[in-house]
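K.L.:
Here's a structure for you.
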Amino acid sequence: MKELQQIYDQAQAHLNGKKDKIELALCNLLSGGHTLIEDLPGVGKTTLVKFFSEVFDLKMSRTQFTNDLLPSDIIGAQIFNRKSGEFEFHPGPIFGELFMADELNRASPKTQSALLQAMEEKKVTVDTQTYPMSEVFHVIATQNPRSQIGTFDLPESQLDRFSMKIDIGYPDEANTVALLRGKTSSSTNIITDKISKSWLLEAINKCQNIEVSDSILTYIYRLLDASRSNAKYMPLSNRCGIDLLKTSKAWAWMNGETHVLPEHVQHLFAWVAAHRLSHPNSATVARERELAQQLLTSVNVRP
């Protein structure tokens with residue numbers, strides 16, 4: 001598909017390669033989910049968000065999360081208007097189409113919880129009044145590794161609202177050398193082939209209409225059930241199953257398929273399920289992926 005290739009080519013120029021992670025992030029955007037990126041500073045997390053904003057012409061908003069941030073700094077607040085004598089709602093940055101929660105785990109759990117309703121329901125309630133989000137609303141949050149000073153563990157309820165967790169990693173030697181030479185600086189890369197928001201909405205709709213057989217649905221259920229019957233795993237939620245189904249549909253569409261195959265589910269399973277399988281206060285990326293792989297290999301495609 002011409003548009004997908006244009007996205008890949010331009011994104012790799014901005015992100016010094018990393019086609020596999022670009023594909024995963026795009027898959028999650030097309031599935032309507034939210035993305036969590038755990039990695040060290042300076043590997044291109046913000047660049048990825050800015051790229052999606054520009055290529056799809058989406059309104060981007062960004063908040064740097066710190067330990068003194070308040071929920072109202074994210075959602076917005078009611079402010080008294082002296083002229084009208086009434087309180088008026090001033091929306092916060094979460095009302096962007098592409099919201100970047102930068103270093104989410106540096107804020108307190110109280111502030112992290114400001115995202116919960118918006119991520120689940122695509123609306124925010126303030127003082128009994130409900131405000132809808134944009135037709136396209138996608139959260140890309142970044143978090144630093146737990147080993148870094150000043151981080152707070154994301155609670156299970158927050159983690160479960162991220163349909164996919166990825167990392168980006170450092171560029172390889174060739175791309176690092178090119179970066180040092182200034183040949184791949186994002187400030188000099190201009191997006192020449194923009195893809196419209198209407199194309200994105202149409203693509204999201206096409207992904208939703210990808211066919212899924214009963215055998216695939218049963219396979220996803222048995223993956224969930226296997227986590228619930230073994231004490232070594234945190235039990236996977238129904239939301240995880242829905243996310244796995246939606247991302248598998250998007251992955252099938254991106255690869256030119258008309259229906260979901262078992263290999264689509266298997267390819268995405270670790271990215272969708274790993275961050276939900278171990279307790280947040282003991283999890284590492286390596287441990288999460290290890291558990292996900294163990295669970296995946298323990299369940300056959302067919303009973």
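Values in this text are rule-based calculations from the coordinates and carry no lab data. Just so it is clear, the structure is predicted and the values come from calculations on it, not from any experiment. Please note: Cβ atoms are built from the backbone with ideal geometry, for glycine as well, and neighbour counts cover all protein chains shown.
K.L.:
Kindly provide log₁₀ I(q)/I(0) values, in the same order as q = 0.17 Å⁻¹, from the Debye equation applied to equal alpha-carbon scatterers of region 33-170.
P.N.:
Scattering profile of region 33-170, log10 relative to I(0): -0.92.
K.L.:
Let me ask something additional. Once the other residues with Cβ under 9 Å from the Cβ of LYS45 are scored (Lys, Arg +1; Asp, Glu -1), what is the net sum? Kindly include the intermediate steps, with their values, before the conclusion.
P.N.:
Numbers: positive: none; negative: ASP39, ASP102.
The answer is -2.
K.L.:
What Kirkwood radius, in Å to one decimal, follows from the Cα pairs of region 199-299?
P.N.:
By the Kirkwood definition, the hydrodynamic radius is 14.0 Å.
K.L.:
Okay, moving on. Just to compare against my own numbers: the Cα pair-distance distribution for the chain, 20 Å bins, whole % per bin, please.
P.N.:
32, 59, 10, 0
K.L.:
In terms of Cα to Cα distance under 12 Å, which aspartates and glutamates are near enough to LYS249, apart from those fewer than 8 places away along the same chain?
P.N.:
The reachable aspartates and glutamates, counting only those whose Cα sits under 12 Å from LYS249, are GLU211, GLU257, GLU263.
K.L.:
If you average the sequence gap of Cα pairs under 8 Å that are 6 or more apart and divide by the length of the chain, what percent do you get for the contact order?
P.N.:
Details: 496 pairs, mean separation 65.6, N = 303.
Averaging sequence separation for qualifying contacts and normalising by length gives 22 percent for the chain.
K.L.:
Compare the Cα positions of PRO155, LEU36, LEU70 along the charge dipole of region 33-170 (+1 at Cβ of Lys, Arg; -1 at Cβ of Asp, Glu; about the Cα centre) and return the one farthest towards the positive end.
P.N.:
LEU70
K.L.:
With only Lys, Arg, Asp and Glu charged, each at its Cβ (+1 for the first two, -1 for the last two), find how big the charge dipole of the chain is about the Cα centre; round to the nearest 20 debye. Before the final figure, lay out each step's value.
P.N.:
Working: 32 positive and 35 negative charges, 35 e Å.
Dipole about the Cα centre, nearest 20: 160 debye.
K.L.:
So if I place +1 on the C-beta of Lys and Arg and -1 on the C-beta of Asp and Glu, and nothing else carries charge, what would the dipole magnitude of region 55-138 be about its Cα centre? I want it in debye, nearest 20.
P.N.:
160 debye
K.L.:
Further question on the same structure: Please name which of ALA274, VAL139, LEU200 has its Cα lying farthest along the dipole of the chain towards the positive end, using unit charges on Cβ (Lys, Arg +1; Asp, Glu -1) and the Cα centre as origin.
P.N.:
ALA274
K.L.:
Let me ask another. Please give me, ordered by residue number, the GluC sites (Glu not before Pro) of region 79-118 that lie in loop per DSSP and have at most 14 other Cβ atoms within 10 Å.
P.N.:
Values: sites: GLU86, GLU88, GLU97, GLU103; in loops: GLU97, GLU103.
Passing both the DSSP loop test and the Cβ count: no residue.
K.L.:
Convert each backbone phi in region 65-70 into a coupling constant with the Karplus relation 6.51 cos²θ - 1.76 cosθ + 1.60 (shift: θ = phi - 60°), then list the ³J(HN,Hα) values in order as whole Hz, x for Gly and Pro.
P.N.:
7, 9, 6, 9, 6, 10
K.L.:
In a solvent-free Debye calculation with one equal scatterer on each Cα, what is log10 I(q)/I(0) for region 149-267 at q = 0.10, 0.15, 0.16 Å⁻¹, listed in the order of the q values?
P.N.:
-0.52, -0.95, -1.00
K.L.:
Tell me which trypsin sites (Lys or Arg not before Pro) from region 106-209 have a DSSP coil assignment and no more than 11 other beta carbons within 10 Å of their own. Could you put the intermediate results ahead of the total?
P.N.:
On the way: sites: ARG106, LYS110, LYS122, LYS123, ARG146, ARG161, LYS165, ARG181, LYS183, LYS194, LYS197, LYS206; in loops: LYS122, ARG146, ARG161, ARG181, LYS183, LYS194.
Sites meeting the loop and neighbour criteria: ARG181.
K.L.:
Within region 104-180, report the GluC sites (Glu not before Pro) that DSSP leaves as loop and that have at most 11 other Cβ atoms within 10 Å.
P.N.:
Working: sites: GLU120, GLU121, GLU135, GLU156, GLU173; in loops: GLU135.
Qualifying residues, ordered by number: GLU135.
K.L.:
Could you give me the ³J(HN,Hα) list for region 114-125, computed from phi with Karplus coefficients 6.51, -1.76, 1.60 and θ = phi - 60°, whole Hz, x at Gly and Pro?
P.N.:
Each residue of region 114-125 in turn: 5, 8, 4, 5, 4, 5, 8, 10, 6, 7, 10, 10 Hz.
K.L.:
While we're here: Would you work out the charge dipole size for region 1-148 about its Cα centre, treating the Cβ of every Lys and Arg as +1 and the Cβ of every Asp and Glu as -1, and quote it to the nearest 20 debye? Mind showing how you got there, number by number?
P.N.:
Numbers: 15 positive and 19 negative charges, 41 e Å.
The dipole of region 1-148 has a size of about 200 debye.
K.L.:
Another question, then. For region 1-79 and region 89-155, what is the separation of their C-alpha centers, rounded to whole Å?
P.N.:
Taking the Cα centre of each part, region 1-79 and region 89-155 sit 14 Å apart.
K.L.:
Restricting to DSSP H runs of at least four residues, report the calculated mean residue ellipticity at 222 nm for the chain, -39500 (n - 2.57) per run over all residues, nearest 500 deg cm²/dmol. Walk me through the intermediate numbers first.
P.N.:
Numbers: 13 runs with 139 residues, N = 303.
Only helices count here, giving -14000 deg cm²/dmol.
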